[in-house]
Amino acid sequence: MVTAIFPAAGASRRMGELPGGITNKNFLTLAGEPVLIHTLRQFSKSERVNFLIVVVGANEVETVKELLKSAEGLKPFAVTVGGSERQYSIANGLKLLPEDADVVLVHDAARPLVSLSTIENVIDAAEKFGGAIAGVPEKNTIKIIDEFGFVKSTPPRSELVEVQTPQGFKRKILLRAYEKAADENFLGTDDAGLVERLGEKIKVVRSDYRNIKVTTPEDIKIAEALLEREKL
């Protein structure tokens with residue numbers, strides 16, 4: 001059984017002032033529906049995904065429950081409260097895993113354009129290797145700098161990957177990673193980083209560049225343009 005967790009409790013600071021009193025970018029309208037609904041519906045299209053867990057701010061739990069109840073085409077779901085950091089939010093989501101969940105996906109709620117093939121390829125790789133992440137080849141030249149802002153080195157672009165979500169793991173591996181992080185008071189930037197600390201291998205699954213994260217007002221416009229292009 002596959003369960004997907006969606007952290008959606010962020011403060012949306014980079015989005016600036018949102019219209020209509022909205023405080024969470026995941027509630028912004030994209031092609032007539034909230035970003036969050038677009039994202040959940042993509043995962044609900046997969047026959048491999050069985051259960052959805054959405055993690056939101058404490059004052060948004062009841063609102064999101066009602067929103068999801070009224071949305072068509074969603075898999076069974078649960079909604080829970082998030083924490084002060086993304087990692088803590090996902091830890092809360094892990095507490096709601098069904099007993100028979102053997103693979104766990106974690107996906108940014110603000111990535112509504114993820115493809116069905118990416119979702120299912122990550123599931124396949126997680127089942128085979130224990131851990132998998134979606135990613136695309138880095139298009140830009142990356143520099144490593146020192147503490148004073150001077151360039152130290154330029155890593156080969158062929159070895160660099162821009163990491164996306166979903167990230168998928170066998171249940172036992174992800175739970176061990178979170179337990180270790182909690183015991184050592186370690187705060188990572190993504191779930192793969194926590195699993196790496198266990199010494200586990202993680203397979204990179206080729207995704208696509210349209211799997212953008214809605215972070216700024218410009219991203220909404222880009223996402224709408226991509227959706228419109230699909231219709232055409």
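The values are calculated or read from the model by the stated rules, or taken from the named source; none is laboratory data. Just so you know, these numbers come straight off a predicted model, no measurement behind them. Virtual Cβ from ideal backbone geometry, glycine too; neighbours counted across all protein chains shown. Heads up: the accessible areas ignore ligands, DNA and RNA and are worked out on the full protein's heavy atoms, side chains in. Shrake-Rupley method; radii C 1.70, N 1.55, O 1.52, S 1.80 Å.
Quick notes on this structure:
- Positions within the range 177-199 being assigned to a loop (DSSP other than H, G, I, E, B), open to solvent by less than 60 Å² (accessible area, probe 1.4 Å) and charged (D, E, K, R), in sequence order: Asp190
- Just one of the listed residues (Leu52, Leu67, Leu74) is aliphatic (A, V, I, L, M), more than 25 Å from Ile173 (Cβ to Cβ) and not in a helix (DSSP H, G or I), namely Leu74.
- Meets criteria (charged (D, E, K, R), open to solvent by less than 40 Å² (accessible area, probe 1.4 Å) and either in a helix (DSSP H, G or I) or touching a helix residue (DSSP H, G or I) at 6+ places or on another chain (Cβ under 8 Å) (or both)) for Asp208: no
- Residues that are part of a helix (DSSP H, G or I) and either open to solvent by less than 40 Å² (accessible area, probe 1.4 Å) or without any contact (Cβ under 8 Å) to a residue 60 or more places away in the chain (or both), drawn from the range 211-225: Glu218, Asp219, Ile220, Lys221, Ile222, Ala223, Ala225
- Arg229 falls short on exactly one of the conditions (1) surrounded by fewer than 15 Cβ atoms within 10 Å (Cβ to Cβ); (2) at pLDDT below 95; (3) within 19 Å of Ala110 (Cα to Cα), and that condition is (3).
- Residue list for the range 50-76, filter: in contact with a Lys or Arg (Cβ under 6 Å, 6 or more places away or on another chain) and crowded, with 17+ Cβ neighbours inside 10 Å: Leu52
- Checking the stated criteria, Leu36 turns out not to satisfy the condition of being more than 14 Å from the chain's Cα centre (by Cα) and surrounded by 17 or more Cβ atoms within 10 Å (Cβ to Cβ).
- Any hit, the range 180-188, residues being farther than 19 Å from Gln87 by Cβ and either in contact (Cβ under 8 Å) with a residue 12 or more places away in the chain or of a type in the set (Asp, Glu) (or both): no
- Test result for Val136, more than 24 Å from Asp100 (Cα to Cα), of a type in the set (A, V, I, L, M, F, W, C), modelled with pLDDT of 95 or more and in contact with a Phe, Trp or Tyr (Cβ under 6 Å, 6 or more places away or on another chain): yes
For every residue, the table says whether it meets (1) touching a Leu at 6+ places or on another chain (Cβ under 8 Å); (2) among the polar types (S, T, N, Q).
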residue	(1), (2)
Phe186	yes, no
Gly193	no, no
Gly199	no, no
Ile202	no, no
Val205	no, no
Asn211	yes, yes
Thr215	no, yes
Glu224	yes, no
